[in-house]
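Colleague: Would you mind keeping the following structure in view while I ask a few things?
The values are calculated or read from the model by the stated rules, or taken from the named source; none is laboratory data. Source: prediction; values computed, not measured. Here the Cβ positions follow ideal geometry from the backbone for every residue, glycine too, while neighbour counts run over all protein chains shown. The protein model used for the area step is the full one, side chains on, heavy atoms only, and it has no ligands, DNA or RNA in it. Shrake-Rupley method; radii C 1.70, N 1.55, O 1.52, S 1.80 Å.
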Amino acid sequence: MGTSTPFNVEILSRIQFAFTIAFHYIYPPLSIGLGVCLVVMEGLYLKTKDKVYEELTRFWVKIFALIFGIGVATGIVMEFEFGTNWATYSRYVGDIFGSALAAEGIFAFALESAFLGILLFGWNKVSPRVHFMATVLVALGSIFSALWIVVANSWQQTPSGYRIEGTGLQARAIVTDFWAMVFNPSSLERYSHVLIGALLAGSFLVLSVSAWYILKKQYLVHAKAAFRIALWIAAVSALAQLFTGHKSAEVVTKYQPAKLAAMEGHFEKIAPADMYLMGWVNAKEQKTTGLKIPGGLSFLVYQDFKAPIPGLNSIKPENRPTAVNFVFQTYHLMVSIGMSLIALTLFSLYLLYRKKLFETRWLMVVFVFSVLLPQIANQVGWYTAEVGRQPWVVYGLLRTSDALSQAVKAEHVLASLILFTFIYVMLFALFLYLLNKKIQHGPDVKDDRAEPSSRMNPVLN
Amino acid sequence: MDTVLGIDLPTWWFLLIGALITGYGILDGFDLGAGAIHLFFRKEDSRRIALNAIGPVWDGNEVWLVIGAGSLFAAFPLVYGTILSVFYLPFILFLAAIIFRAISIEFRSKETMTWWRQLWDVSFCISSIVISLLLGLILGNLIQGIPINAKHEFVGRLRDFFNPYALLIAVTVLSLFMMHGAMYLIMKTEDRIFARLTIIANNTSKFFILCFIATSLTTLIYVPHMTAIFKQYPELFILPITAVLIVLNIRRSIEKRQYGRGFISSSITTALLLILFAMGLYPNLVLSSIDPKGHISIYEAASSDGSLRTMLLFAAVGMPLVATYTLFIFWTFRGKVKLEEHSY
């Protein structure tokens, strides 16, 4: 049986992990971003006592619950997969990665899961202030959650604060300095990048749904109030993302030269590197063609168009990422989306200032579809980070091919992969169906309000 | 070796993970049990009340699983990798059931069609039963020991896991959770569903006691290593004796209609059974059924002292917090369930 499948355990486990984490990674960013939007909405309700904000909060809490639920269920899968499919990896990094994961459970996940009960069912059980506190704690919980998870992942990218004990398959990394492990060279840069990506994902969901209502002339008061809140969050985030993205790239330059070279399709041993706006990498002929700024990467990194940057050929063949074009494309797609989000949000803020925003119908149509942009950017950004790190699962220390479970058979992984594919496809269809249904249903409005509320917060008008 | 309060660090983590798994068994045990008996309720209203009785807490209960698994990963990575990869398919099925269960609870109320609700009711019930049975199946195999050689390599086959003893433990765990869940629901309900639950609690408790007797006898006869410690320290016999008394007290509470006491008794039963398991295991975490050299002890599997010490500090700060949230949520949603606009 063992050899009857055309795939081996490594390929299947990698596909399974990539698939299950890509699917999972749709939801937590949405929860984080939406959680922050909820805090603002409910905070405005407490401050102004305006029913619009209360109805908005209640509406978005229902959508939040749907997203959060799927995020938790698919997140538990991730935690267990380290042990089921990557037992050698688990042993190797348990001291470090396990600690971060356990800390996430104790300090973040427990917080958000407990107070989610109050957020959903507590409206008539606790005072508005306590309810707001629960909303804040759920949002904080999800933000802390991301912190520990990104710390764990960042340690895989830029290991520090450890020493290696043992050799061969018995080797393992031991924490020597806990805080150096947590604040490894890429933790904060990558965390801020991921967190802002999450704010974009959540705020663009609110923007998309609100734009839809504005186009349909439904729930106009609610939709415009939500749009303003989300637009501010989105605009500030989009601009900040430029900064965190640059910081992340600097870290990659310094600590993961192979990944940087792959991101820009830079092969030459040591030479000034171009920066591509778009392009195509022919890895076989080691040629990259496309629209480029000559020496642009060198300038970005060293503020000097001539500064030499190590290319893929300066790295031993067995230590290079193989999917160079894939890393190049995902990276460039992420950057292009980031730039278009800045343009879109700043232009919209300008129209808001000119009081023309909600009358610009084509822009509202753009916003309805724009919900996909941060999602795609988050996904491809993650692929860049993870595929660019290959062939290492822990950069420079442990190869992905050495990280597998020894006890698992290929046909079992194939079976589980088929099972997860089936469940996740069904889950995604149901998610879209229910999300659409909630959006069609809209917020529950208690009284008919012809005029916009007069007590609306002046800052947001 | 590094010690804290006279206890070495791996032992601290053995105790702590034991406590987390016990917390999971007691907390998620009742909502899994509530799911397992869900189809016994016929009326739509009863099913909604049953679902809303666990609505605000089930997610918080599952946190104990996440923290328990995370702690095992952090403190005993060798065991984490070994157990999860050896029981690959059971754990994958377990995860699938966890997903189905979560979405059944979440999706059921979103449509009013009868077939839709029926579908998710069945999915909720079956996934709850499957999770309980798989937990029992894995536990049953860990009690007997699993076929790993001196290098801790698994040399068995999937079908080895479906042996009679493991199946008995699986059914016992299911019966315990069903009884436990019934008693929780009784405390949260009134009228028709309350009356129905009193019958269910009565039947499931009888079912559990049968399983309890069968499990105790089989373990005494066929799994002697689990009882070896009592020959060494006869005074520890107080624990199994207490377990028997507490189990009898469950029946007594049900007959006297003191369901709160019954619930506490079934919680203590869960804890005692896991303590007995832990005592049979210590200082090992995984027993080999074919070679004593294959046993994985806490000392062999433990992470570094530094990591264990840092994590112990985290647990000392974090666990009281988690316990506080848990109590706060249960306090907020105390009393009988009333359906309202935000209910499932």
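Colleague: Excluding ligands and nucleic acids, what accessible area in Å² is computed for B:Ser216 using a 1.4 Å probe, to the nearest 10?
Modeller: 50
Colleague: Continuing with this model, one more query. Let me have the relative contact order for region A:193-405, percent, based on Cα pairs under 8 Å that are six or more residues apart. Intermediate values should be presented prior to the final figure.
Modeller: On the way: 325 pairs, mean separation 54.4, N = 213.
Worked out over region A:193-405, it gives 26 percent.
Colleague: In nm, to one decimal, how far is the B:Phe162 label point from the A:Glu359 one, both placed 7 Å along Cα→Cβ?
Modeller: 7.1
Colleague: What angle do you read, to the nearest 10 degrees and between 0 and 90, between the alpha-carbon axis of helix B:58-75 and the longest principal axis of chain B?
Modeller: Approximately 10 degrees, to the nearest 10.
Colleague: Might you work out the accessible area of B:Ser85 for me, using a 1.4 Å probe with all protein chains in place, and round it to the nearest 10 Å²?
Modeller: Accessible area, nearest 10 Å²: 10 Å².
Colleague: Please report the carbon-and-sulfur percent of the accessible area for chain A; probe 1.4 Å, protein heavy atoms only, DNA, RNA and ligands left out.
Modeller: Numbers: 12360 of 18590 Å².
Summing carbon and sulfur atoms, their accessible area is 66 percent of the total for chain A.
Colleague: Compute the helix-to-body angle for B:238-255: its Cα long axis versus the longest principal axis of chain B, expressed 0 to 90° and rounded to tens.
Modeller: 10
Colleague: Next question, about the same structure. Using Cα positions and a limit of under 15 Å, work out the aspartates and glutamates in reach of A:Lys316, with same-chain residues fewer than 8 apart set aside.
Modeller: Straight-line reach from A:Lys316, under 15 Å: A:Glu268.
Colleague: Taking only Cα atoms, what is the 0 to 90° angle, nearest 10, from helix B:164-188's long axis to the longest principal axis of chain B?
Modeller: 40
Colleague: Using only DSSP helix segments of four residues or longer, with each worth -39500 (n - 2.57), what per-residue ellipticity at 222 nm results for the protein assembly as shown after dividing by its residue count and rounding to 500?
Modeller: Values: 29 runs with 555 residues, N = 805.
That comes out to -23500 deg cm²/dmol.
Colleague: Still on this structure: Any residues in region A:397-413 that have 10 Å² or more less accessible area with all protein chains than in their chain alone, probe 1.4 Å, and which are they?
Modeller: Buried-area filter returns A:Ala407, A:Val408, A:Lys409, A:His412.
Colleague: So how much slack lies between B:Ile221 and B:Leu321, counting 0.36 nm per residue of separation and subtracting their Cα-Cα distance, in nm? Each step should come with its number before you reach the end.
Modeller: Values: separation 100, 0.36 × 100 = 36.00 nm, distance 4.28 nm.
Extra length available between B:Ile221 and B:Leu321 comes to 31.7 nm.
Colleague: Still on this structure: Largest first, how would A:Thr421, A:Thr253 line up by accessible area (1.4 Å probe)?
Modeller: Numbers: A:Thr421 55, A:Thr253 25 Å².
Result of the area sort, largest leading: A:Thr421, A:Thr253.
Colleague: Of all DSSP beta bridges in the protein assembly as shown, what percent run antiparallel (nearest 5)?
Modeller: 95
Colleague: Simple spin-label model, 7 Å along Cα-to-Cβ: B:Ile7 to B:Asn149 in nm?
Modeller: 3.7
Colleague: Put B:Leu65, B:Leu39 in order of accessible area, largest first, 1.4 Å probe: what do you get?
Modeller: Values: B:Leu65 20, B:Leu39 55 Å².
Listed by decreasing accessible area, they come as B:Leu39, B:Leu65.
Colleague: Might you work out the accessible area of B:Glu255 for me, using a 1.4 Å probe with all protein chains in place, and round it to the nearest 10 Å²?
Modeller: 130
Colleague: Based on alpha-carbon centroids, what's the gap between region A:279-346 and region B:57-131 in Å, whole number please?
Modeller: Region A:279-346 and region B:57-131 have Cα centres separated by 42 Å.
Colleague: Would you mind calculating the relative contact order of chain A from Cα pairs under 8 angstrom and at least 6 residues apart, reporting the percent as a whole number? Each step should come with its number before you reach the end.
Modeller: Details: 676 pairs, mean separation 96.4, N = 461.
Rounded, it is 21 percent for chain A.
Colleague: In Å², nearest 100, what accessible area do chains A and B bury in total when the solvent probe is 1.4 Å?
Modeller: Working: alone 21470 and 16710 Å², together 32270 Å².
Answer for the A-B pair: about 5900 Å² buried.
Colleague: Further question on the same structure: Counting Lys and Arg as +1 and Asp and Glu as -1, what is the net charge of the other residues whose Cβ lies under 15 Å from the Cβ of A:Ser142?
Modeller: Numbers: positive: none; negative: A:Glu104, A:Glu112, B:Asp59.
Neighbourhood net charge equals -3.
Colleague: So, for the protein assembly as shown, what is the accessible surface per residue at a probe of 1.4 Å, expressed in square angstrom?
Modeller: Numbers: 32270 Å² over 805 residues.
Using a 1.4 Å probe on heavy atoms only, each residue of the protein assembly as shown averages 40 Å².
Colleague: Kirkwood hydrodynamic radius (Cα pairs, Å) of chain A?
Modeller: Values: mean 1/r = 0.0422 Å⁻¹.
One over the average 1/r among Cα pairs gives 23.7 Å for chain A.
Colleague: Then there's this: Heavy atoms only, probe 1.4 angstrom, no DNA, RNA or ligands counted: give me B:Glu106, A:Glu165 ranked by accessible area, highest first.
Modeller: Working: B:Glu106 15, A:Glu165 75 Å².
From most exposed to least exposed: A:Glu165, B:Glu106.
Colleague: Could you look at chain B and say what percent of its accessible area is carbon and sulfur, using a 1.4 Å probe and all protein chains?
Modeller: Details: 9400 of 13670 Å².
Carbon and sulfur atoms account for 69 percent of the accessible area of chain B.
Colleague: Still on this structure: What lysines does A:Lys356 reach when the alpha-carbon gap must be under 16 Å and sequence neighbours fewer than 8 apart in one chain are set aside?
Modeller: In chain and number order, the partners are A:Lys217, A:Lys224.
Colleague: Using a Gaussian network model of chain B whose springs link C-alpha atoms within less than 10 Å, name the residue from B:Gly18, B:Gly262, B:Gly306 with the highest mean-square fluctuation.
Modeller: Between B:Gly18, B:Gly262, B:Gly306, it is B:Gly306 that shows the largest mean-square fluctuation.
Colleague: Once the principal axes of the Cα atoms of the protein assembly as shown are found, what is the range along each, listed largest first in whole angstroms?
Modeller: Extents along the principal axes: 80, 70, 52 Å.
Colleague: Among the lysines, which fall within straight-line cross-link reach of A:Lys125, defined as a Cα-Cα distance under 25 Å, with same-chain neighbours fewer than 8 residues apart omitted?
Modeller: Reachable lysines: A:Lys47, A:Lys49, A:Lys51, A:Lys62, A:Lys438, A:Lys446, B:Lys110, B:Lys188, B:Lys336, B:Lys338.
Colleague: Roughly how many whole Å is it from the C-alpha centroid of region B:152-193 to that of region A:381-425?
Modeller: What the calculation gives is 32 Å, centre to centre.
Colleague: Over chain B, with a Gaussian network built from C-alpha contacts below 10 Å, which listed residue (B:Leu281, B:Leu217, B:Leu134) shows the highest mean-square fluctuation?
Modeller: Residue with maximal mean-square fluctuation among B:Leu281, B:Leu217, B:Leu134: B:Leu217.
Colleague: Name the most mobile residue of B:Ile126, B:Ile250, B:Ile241, meaning the one with the largest mean-square fluctuation, in a Gaussian network model of chain B with Cα contacts below 10 Å.
Modeller: B:Ile241
Colleague: I'd like the distance separating the alpha-carbon centroids of region A:21-77 and region A:208-250, in whole Å.
Modeller: If you average the Cα positions of each part, the centres end up 14 Å apart.
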